[in-house]
1. Only one residue in A:ASP96, A:ASP80 is assigned to a helix (DSSP H, G or I), of a type in the set (Asp, Glu) and out of contact with any helix residue (DSSP H, G or I) (no Cβ under 8 Å at 6 or more places or on another chain). Which one?
2. In the set B:THR25, B:THR60, B:THR33, which member is surrounded by fewer than 19 Cβ atoms within 10 Å (Cβ to Cβ) and not small (Gly, Ala, Ser)?
3. Identify, from the list A:PHE47, A:PHE21, the residue that is more than 7 Å from every other protein chain (Cβ to nearest Cβ) and either of a type in the set (Phe, Trp, Tyr) or at positive phi (or both).
4. Report whether or not A:ALA110 is in a helix (DSSP H, G or I), small (Gly, Ala, Ser), modelled with pLDDT of 95 or more and touching a Lys or Arg at 6+ places or on another chain (Cβ under 6 Å).
5. Would you point out which residue out of A:GLU89, A:GLU83, A:GLU125, A:GLU107 is among the acidic types (Asp, Glu) and within 14 Å of chain B (Cβ to nearest Cβ)?
6. Among the residues of segment B:50-58, is any within 14 Å of chain A (Cβ to nearest Cβ) and either hydrophobic (A, V, I, L, M, F, W, C) or touching an Asp or Glu at 6+ places or on another chain (Cβ under 8 Å) (or both)?
7. If you take the residues of segment A:138-154 that are within 7 Å of chain B (Cβ to nearest Cβ) and touching a Lys or Arg at 6+ places or on another chain (Cβ under 7 Å), which of them is surrounded by the fewest Cβ atoms within 10 Å (Cβ to Cβ)?
8. Please specify each residue of segment B:93-106 satisfying the condition of being modelled with pLDDT of 95 or more and surrounded by fewer than 12 Cβ atoms within 10 Å (Cβ to Cβ).
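The values are calculated or read from the model by the stated rules, or taken from the named source; none is laboratory data. Treat the numbers as computed from the prediction; the structure is a model and nothing was measured. As a convention, Cβ positions derive from the backbone with ideal geometry for all residues, glycine included, and neighbour counts pool all protein chains shown.
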Protein chains: 2
Amino acid sequence: MTARALSARTDTSDEAVSLWFRLLTCHAVMLGTLRQKLEDKITLARFDLLASLSRSDGQTLAALSRALLVTAGNLTGLVDRAERDGVVERRPDPKDRRLARVWLTKEGRALIKDLLPMHAKHVNELLRGLPAQDRKDLRRLLGGLRDHLSTHATNGTKAQRGTA
Amino acid sequence: MTARALSARTDTSDEAVSLWFRLLTCHAVMLGTLRQKLEDKITLARFDLLASLSRSDGQTLAALSRALLVTAGNLTGLVDRAERDGVVERRPDPKDRRLARVWLTKEGRALIKDLLPMHAKHVNELLRGLPAQDRKDLRRLLGGLRDHLSTHATNGTKAQRGTA
């Protein structure tokens, strides 16, 4: 391999690492800010759970684990605590009683209905200072990356949020 | 406010939420894949700690907490376990002995020197299937978002990874 080919390989690899580093940073800063804005009302993990159920109620634990991109173990604890606090409930599937499905309670539904617009407002506040074209391009390119990862990532956590 | 202005507001907010959702998904899938690739050798959290020290050895806990975007509490446990396993050590600052600094041990330095190229290779494998121009644009736009967030995010976790 020529020096030039080696150098090109290194450049591509450095660019990829830098891209990943930037994505990590943006994720951490946005997540920290959004968590802080919600924290007197709800944890971010529970917010994600209720938001997912508000889009599709009665999911199985397996479906929720995929949708929320959390491990089965973490999800069980999350659902346990949410059930204890009366915002969700597990009920057996009527067709297969071994299969538990998770449903919003009336209280859970009211809570997430209040929080969703507030959360959208916070996300919008964080991003609206970016030039409109950059925001549009960034959304498109992240969609491309998500689609690419859904066929190339190997961790079994497929991108399930592809509808947003 | 006119209906049209309201509608434009909603569209911008939906676009922002969708962008954030995509970023969350890409982050989760990439992180899960990279964690899995490292997992027989090191946890991702310890990898981040050693990688940060390999860029700048002898950091204080406060500096590491900012650099790694983790809370002080989580960092303390992480450094404790890494010290117990002999890859880092705390030593008091010679000029202010109340101030502990964290250093790579010889073993820690050898380990991260082995792992960094492997990690870069994994990141590169995940991203190289994207069109080169998309990768370039995405890196640039994420840099813009990171810079925007470093002045507009309010959680006190400033983007410290801005040099990559």
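1. Of A:ASP96, A:ASP80, the one residue that is assigned to a helix (DSSP H, G or I), of a type in the set (Asp, Glu) and out of contact with any helix residue (DSSP H, G or I) (no Cβ under 8 Å at 6 or more places or on another chain) is A:ASP80.
2. It is B:THR60.
3. Details: A:PHE21 fails: more than 7 Å from every other protein chain (Cβ to nearest Cβ).
Among A:PHE47, A:PHE21, only A:PHE47 is more than 7 Å from every other protein chain (Cβ to nearest Cβ) and either of a type in the set (Phe, Trp, Tyr) or at positive phi (or both).
4. On the way: in a helix (DSSP H, G or I): yes; small (Gly, Ala, Ser): yes; modelled with pLDDT of 95 or more: yes; touching a Lys or Arg at 6+ places or on another chain (Cβ under 6 Å): no.
The answer is no for A:ALA110.
5. Every option except A:GLU125 fails the conditions.
6. Yes, because at least one residue in segment B:50-58 is within 14 Å of chain A (Cβ to nearest Cβ) and either hydrophobic (A, V, I, L, M, F, W, C) or touching an Asp or Glu at 6+ places or on another chain (Cβ under 8 Å) (or both).
7. The first filter runs over segment A:138-154 and keeps only residues within 7 Å of chain B (Cβ to nearest Cβ), leaving A:138-139, A:141-146, A:148-149, A:152-154.
Next cut, touching a Lys or Arg at 6+ places or on another chain (Cβ under 7 Å) only: A:139, A:142-143, A:146.
Details: A:ARG139: 21, A:LEU142: 24, A:GLY143: 19, A:ARG146: 21.
Here the answer is A:GLY143.
8. Residue satisfying the conditions is B:LYS106 alone.
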